[in-house]
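**Student:** Mind having a look at this structure? Questions to follow.
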There are 2 protein chains.
Amino acid sequence: MNPDPDYSAAYVALKTDLPGTAEGHGFAFTIGRGNDVQRAAIEALRPFVVGLPLEDTLADLGGFWRELVYDSQLRWLGPEKGVMHMAISAVVNAMWDLKAKLEGKPLWKLLADLTPEQIVDLVDFRYLTDALTPAEALEILRRAEPGKAERESLLVADGYPAYTTSPGWLGYDDAKLVRLCKEAMADGFQQIKLKVGSDLDEDLRRLRLARETCGPDIRIAVDANQRWDVDEAITWINALAPYDPWWIEEPTSPDDVLGHAAIARGVEPIRVATGEHVQNRVVFKQLLQAEAISFLQIDAARVAGVNENIAILLLAAKFGVPVCPHAGGVGLCELVQHLSMFDFLAVSGSLERRSIEYIDHLHEHFVDPVVVRDGRYVAPSSPGFGATIKPASLEKYAYPDGPVWSSAP
Amino acid sequence: MNPDPDYSAAYVALKTDLPGTAEGHGFAFTIGRGNDVQRAAIEALRPFVVGLPLEDTLADLGGFWRELVYDSQLRWLGPEKGVMHMAISAVVNAMWDLKAKLEGKPLWKLLADLTPEQIVDLVDFRYLTDALTPAEALEILRRAEPGKAERESLLVADGYPAYTTSPGWLGYDDAKLVRLCKEAMADGFQQIKLKVGSDLDEDLRRLRLARETCGPDIRIAVDANQRWDVDEAITWINALAPYDPWWIEEPTSPDDVLGHAAIARGVEPIRVATGEHVQNRVVFKQLLQAEAISFLQIDAARVAGVNENIAILLLAAKFGVPVCPHAGGVGLCELVQHLSMFDFLAVSGSLERRSIEYIDHLHEHFVDPVVVRDGRYVAPSSPGFGATIKPASLEKYAYPDGPVWSSAP
């Protein structure tokens with residue numbers, strides 16, 4: 001479904017009048033055309049941000065989120081979905097980046113150090129209360145308080161599990177697939193992921209090869225990138241069953257809660273995962289209510305930023321569904337690791353069946369690139385949310401005046 | 001939820017190199033801030049439109065729709081929702097306006113004159129086949145063929161039922177409410193609509209007054225504009241039951257299929273209606289599958305234009321749910337009447353429980369304004385889709401250089 005991506009981002013820099021150079025950074029990730037539309041959407045938020053009193057704003061980021069999401073005129077363009085919601089994500093995440101930098105903590109640590117009451121204050125429960133009330137959220141967070149310090153030591157010592165999509169892209173020949181599977185295992189990954197859905201015979205061959213190479217203990221997830229209708233999905237996935245896929249990701253439209261639920265029933269015991277294109281917490285709520293997913297895949301930059309992802313982590317914890325984030329793209333690994341680490345410390349309190357996608361691509365453009373070692377994300381120690389792109393990269397790739405563009409044929 | 005609208009539109013004009021001045025017009029309706037974002041989204045579609053061969057394009061508007069909706073890079077910004085989808089709506093509708101003008105027919109007539117096979121070709125069934133297959137769609141359309149000519153005569157003679165929202169805005173005093181109810185009845189309307197959800201005691205008083213004024217036979221719909229969570233909706237709506245509301249519209253988030261289904265079960269026999277903010281056919285499919293709505297409210301300019309609305313009309317017919325369009329705003333009445341009239345002639349074949357919203361606002365800016373007489377929309381006879389704004393209005397209100405803006409304080 002995404003055959004020709006041209007990885008791009010609409011980048012936000014929040015500046016302050018404090019002494020020093022602290023800036024808050026965030027971005028909307030796009031795959032090329034439409035990056036200008038994201039830029040225009042972020043521009044539309046300028047009046048909601050420029051001139052705000054810094055201290056008061058950072059002290060109430062729940063309120064800041066509501067100001068952006070519930071502006072009645074902008075809300076008409078969604079509500080809470082697509083271009084406008086991704087723009088809000090960029091701005092909200094930039095504000096969190098700024099706050100974490102000013103407090104001198106990586107975001108995961110800043111969030112984990114908040115009290116349960118402070119965390120609940122960040123979340124907007126509108127449209128959620130039939131599944132999760134503020135009182136239930138508070139209970140989840142209080143239940144995770146004991147052991148938090150021990151989990152933090154564990155996290156800092158051992159990192160957070162990662163899985164790799166590198167062997168799995170369509171179009172690799174068999175030799176390359178086998179080689180990349182072996183490399184993934186040598187690098188310590190316990191899970192890999194293969195793209196499927198273009199040709200069933202091809203999928204069967206690639207999956208057999210991967211399973212033969214990896215043995216029975218490595219988890220092999222498969223990802224259909226929304227290719228199928230419901231009945232087609234069930235037939236296709238069941239055909240893959242002999243190779244024991246760990247999950248089937250995005251079998252159909254990300255808007256189709258009932259479709260995912262039908263697929264989940266139709267492919268048991270294979271598990272359904274989705275989320276990278278799920279527009280907001282209301283759809284995640286329903287995926288959980290309908291028992292449509294066994295893994296919930298948050299994305300750091302599609303829903304409206306940190307606050308909404310906290311709501312989604314709480315929903316997942318309420319329903320006992322593990323969160324395994326989508327990442328890759330531009331900087332999505334850098335961001336989302338903070339949210340999973342916060343989940344481990346303060347929300348679900350668990351690493352069981354949990355891992356963060358890892359794609360080794362474009363990290364060199366970030367000031368604080370992710371570090372993945374022995375198949376695990378190393379907990380970042382630099383202050384902030386990891387969203388800061390190197391000035392040299394910003395300059396080189398700036399559209400349309402950067403040298404990469406101006407020298408393009 | 002929409003307290004301070006500033007009615008706006010991002011307007012599209014498609015020009016051709018044919019002799020004459022035929023242009024295709026379409027627009028995305030917004031309520032102010034964010035109109036620039038819509039404009040940027042429409043600009044992003046320019047390369048998909050400019051330079052197309054006219055005849056081939058107009059002969060395959062199903063193919064044209066797919067080119068826009070399935071562009072893989074733009075699709076990342078949705079998929080199929082919000083700003084980008086509304087932009088596609090504007091362009092697709094403009095293409096239909098152009099086609100209808102060139103064929104010298106109002107759009108409703110152009111569509112109704114197509115064969116069932118031609119209509120099915122316009123529809124993309126991806127993600128729909130678990131609810132509606134092309135064969136089922138064909139069967140629905142063939143079933144409506146007999147009697148089409150008689151229904152057309154009836155439509156031209158008597159028009160299509162309308163209902164009015166004019167008495168129902170929040171903030172009117174009691175005398176004005178009563179007066180407007182009386183006027184609506186005198187104007188021949190069989191249904192009115194009242195906004196609710198701000199204050200229950202107020203709602204009860206206003207609804208009682210309206211019911212006393214209108215008597216038992218006028219339908220009184222109520223509209224909550226997404227204000228409630230699920231449980232709150234059920235409690236509130238049941239409190240209104242003594243005044244026999246005809247439907248409750250938008251009780252909660254338009255994304256919440258399961259929420260609407262729970263509300264529908266919780267407020268029977270009061271019927272649930274929604275759709276003006278429903279993002280695409282996949283969500284409408286689920287609302288029907290979940291038996292969440294008794295009335296389906298299409299909007300002419302939120303889903304991706306005529307083609308997607310045909311898919312939604314077919315889905316509604318399959319599930320036996322009447323379509324009662326949302327209208328108002330800028331030009332939404334002008335557009336959507338064509339779709340309901342087409343539905344009557346060629347899809348559902350019925351007027352039962354069907355009516356189109358009517359709001360008497362801003363029609364003076366349109367070259368072919370709607371005509372509502374004796375509580376019914378008069379079938380338009382001018383060629384096109386009714387989307388053309390008068391040149392004088394375009395000039396006066398053009399942002400930011402039109403005199404209305406340049407002379408603003």
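**Student:** Among A:153, A:350, A:89, determine the one that fluctuates most according to a GNM of chain A built with springs between C-alpha atoms less than 10 Å apart.
**Tutor:** Residue with maximal mean-square fluctuation among A:153, A:350, A:89: A:153.
**Student:** Shifting gears a bit: Using square roots of five times the C-alpha gyration tensor eigenvalues, list the equivalent-ellipsoid semi-axes of the protein assembly as shown in whole Å, biggest first.
**Tutor:** That gives 44, 30, 27 Å for the three semi-axes.
**Student:** Moving on. Please give the contour-minus-distance gain from residue A:138 to residue A:361: 0.36 nm per residue of separation, less the Cα-Cα distance, rounded to one decimal in nm.
**Tutor:** 76.5 nm
**Student:** Moving on. Provide Rg over Rh for the stretch A:144-277; use the alpha carbon set for both Rg and the Kirkwood Rh (inverse mean inverse pair distance).
**Tutor:** Here Rg/Rh amounts to 1.04.
**Student:** Let me ask another. Please check which bits of the stretch B:9-33 a label hung off residue B:393 would reach, taking the label as a point 7 Å along Cα-to-C-beta and the cut-off as backbone N under 11 Å.
**Tutor:** B:9
**Student:** With labels modelled as points extended 7 Å from the Cα through the Cβ direction, what inter-label distance (nm, one decimal) is found for residue A:103 paired with residue B:72?
**Tutor:** A separation of 4.1 nm, rounded to one decimal place.
**Student:** Assuming a ≥ b ≥ c are the square roots of the Cα gyration tensor eigenvalues, decide whether the stretch B:243-345 counts as rounded (a/c under 1.5), prolate (otherwise, with a/b larger than b/c) or oblate.
**Tutor:** Judged from the Cα gyration tensor, the stretch B:243-345 comes out prolate (a/c at least 1.5, a/b above b/c).
**Student:** In a GNM of chain B with a 10 Å cut-off on Cα contacts, which of B:162, B:44, B:273 has the highest mean-square fluctuation?
**Tutor:** Maximum among the listed residues: B:44.
**Student:** Set the Förster radius R0 to 56 Å, insert the Cβ-Cβ distance between residue B:381 and residue B:265 as r into 1/(1 + (r/R0)^6), and round the FRET efficiency to 0.05.
**Tutor:** In this case the efficiency is close to 0.80.
**Student:** Report D for the stretch A:148-383 in µm² per second (integer): Stokes-Einstein, Kirkwood Rh on Cα pairs, 20 °C, 1.002 mPa s.
**Tutor:** The Stokes-Einstein estimate is 120 µm²/s.
**Student:** Just checking the output field for A:273-286: average partner chain Cβ neighbours within 10 Å of each residue's Cβ?
**Tutor:** 3
**Student:** Would you list A:202, A:249, A:55 from fewest to most Cβ contacts within 10 Å?
**Tutor:** In order of increasing Cβ crowding within 10 Å: A:55, A:202, A:249.
**Student:** Distance in whole Å from the A-onto-B rotation axis to the closest C-beta of chain A, together with the residue it belongs to, please.
**Tutor:** Residue plus distance in Å, as requested: A:82, 1.
**Student:** Suppose you put the label 7 Å out from Cα in the Cβ direction; list, shortest first and in nm with one decimal, how far residue B:373 is from each other copy's label.
**Tutor:** 8.2
**Student:** So, one more: Between copies, how close do the residue A:48 label points come, placed 7 Å along Cα→Cβ, listed in nm from shortest?
**Tutor:** For residue A:48, the inter-copy label distances come out at 2.6 nm.
**Student:** Using Cβ contacts closer than 10 Å as the measure, can you line up A:374, A:124 from fewest to most?
**Tutor:** Lowest count first: A:374, A:124.
**Student:** List the aspartates and glutamates whose alpha-carbon lies under 16 Å from that of residue A:396, not counting same-chain residues fewer than 8 positions away?
**Tutor:** Output for residue A:396: A:6, A:364.
**Student:** Let me ask something else about it. Grab the DSSP H runs of chain B that are 4 residues or longer, score each as -39,500 (n - 2.57), total them, divide by all residues and round the 222 nm result to the nearest 500 deg cm²/dmol.
**Tutor:** Calculated at 222 nm, the ellipticity per residue is -13000 deg cm²/dmol.
**Student:** Same structure, new question: Rounded to the nearest 5, what % of DSSP beta bridges with both residues in the protein assembly as shown are antiparallel?
**Tutor:** If we restrict to bridges inside the protein assembly as shown, about 40 percent are antiparallel.
**Student:** What share of all Cα pairs of chain A, in percent, falls into each consecutive 20 Å distance bin?
**Tutor:** Whole-percent P(r) values from 0 Å outward: 28, 60, 13, 0.
**Student:** Now for a separate question. Can you give the % of DSSP beta bridges in the stretch A:148-383 that are antiparallel, to the nearest 5?
**Tutor:** 20
**Student:** Restricting to chain A, compute how many DSSP beta bridges are antiparallel as a %, nearest 5.
**Tutor:** 40
**Student:** Using label points projected 7 Å from each Cα along Cα→Cβ, tell me how many nm separate residue A:352 and residue B:174, to one decimal.
**Tutor:** Spacing of the two 7 Å Cα→Cβ label points: 6.2 nm.
**Student:** Any lysines with Cα under 24 Å of the residue A:105 Cα? List them, leaving off those in the same chain fewer than 8 positions away.
**Tutor:** Once the sequence-local lysines are set aside, what remains near residue A:105 is A:15, A:148, A:390.
**Student:** Order of B:163, A:70 from fewest to most other C-beta atoms within 10 Å?
**Tutor:** A:70, B:163
**Student:** What lysines sit close enough to residue B:195 to cross-link, taking a C-alpha to C-alpha distance under 23 Å and skipping anything fewer than 8 places away on the same chain?
**Tutor:** Hits, sequence-local ones excluded: B:176, B:182.
**Student:** For chain A, modelled as a Gaussian network with Cα springs under 10 Å, which listed residue fluctuates most, A:118, A:73, A:191?
**Tutor:** Largest GNM mean-square fluctuation: A:73.
**Student:** Let me ask something additional. Between residue B:182 and residue A:186, what is the label-to-label distance in nm when each label sits 7 Å out along the Cα-to-Cβ direction?
**Tutor:** Once both label points are built, they end up 8.9 nm from each other.
**Student:** Which distances, in nm and shortest first, link the residue B:238 label point to the same label point in every other copy, taking 7 Å along Cα→Cβ?
**Tutor:** 4.1
**Student:** Roughly speaking, what is the centre-to-centre gap between the stretch A:69-113 and the stretch A:336-363 when only Cα atoms are used, to the nearest Å?
**Tutor:** Distance between centres, Cα-based: 19 Å.
Coordinate-derived values only; no laboratory data. Since the model is a prediction, treat every value here as computed from it, not as a measurement. Quick reminder, even Gly has a Cβ in these numbers, built from the backbone with ideal geometry, and neighbours come from all protein chains shown.
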